[in-house]
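I have placed the structure first, in the form of structure tokens, so that the comments after it can refer back to it.
The values are calculated or read from the model by the stated rules, or taken from the named source; none is laboratory data. Quantities reported herein were computed from a predicted structural model and do not represent experimental measurements. We place every Cβ from the backbone using ideal geometry, glycine too, and count neighbours over all the protein chains shown.
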Amino acid sequence: MEKLQSIEQFEKLKNEERTIFMFSADWCPDCRVIEPILPGIEADYPEYTFIYVDRDEYIDLCGELDIFGIPSFIAYHSGEEVGRFVSKDRKTQAEIEEFINSLSA
């Protein structure tokens, strides 16, 4: 998963066709639990660009987007937010896939 490099990149990527941002942090145990399943999810949904956003590095962006728990996901389609899976709870592969599947519904 590509890592976000700048706020400018965030603005550019959110305006692309289909982008899902995953907000995470190195110290987050629930984030580490889902790490092994993420490459498979990315492979199963090639129509999306997945971007890792380090919560600590982009704390102001997280505040603006109301990301107060991680891991969390926000999906954009051509600049519009089309879905969010935001909570402090641990996520399962099934829950993440259900979230992504709901985006095209």
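Quick notes
- Put simply, of PHE50, PHE68, PHE73, PHE21 the only residue that is outside any helix (DSSP H, G or I) and at pLDDT below 95 is PHE68.
- Any hit, segment 6-22, residues being among the charged types (D, E, K, R), under 19 Å from ILE96 (Cβ atoms) and out of contact with any strand residue (DSSP E or B) (no Cβ under 7 Å at 6 or more places or on another chain): no
- Residue in segment 53-61 that is crowded, with 19+ Cβ neighbours inside 10 Å, touching a Cys at 6+ places or on another chain (Cβ under 6 Å) and not aromatic (Phe, Trp, Tyr) present: yes
- Any hit, segment 26-47, residues being in a strand (DSSP E or B) and of a type in the set (Phe, Trp, Tyr): no
- Of the numbered criteria (1) free of Cβ contacts under 8 Å to residues at least 60 places away in the same chain; (2) loosely packed, with under 15 Cβ neighbours inside 10 Å, the one PHE10 fails is (2).
- Output for segment 76-105, where each listed residue is of a type in the set (A, V, I, L, M, F, W, C) and part of a loop (DSSP other than H, G, I, E, B): VAL86, ALA105
- Of all residues in segment 62-102, exactly one satisfies the criterion of being surrounded by 12 or more Cβ atoms within 10 Å (Cβ to Cβ), free of Cβ contacts under 8 Å to residues at least 60 places away in the same chain, over 20 Å from GLU11 (Cα atoms) and among the aliphatic types (A, V, I, L, M), namely ILE70.
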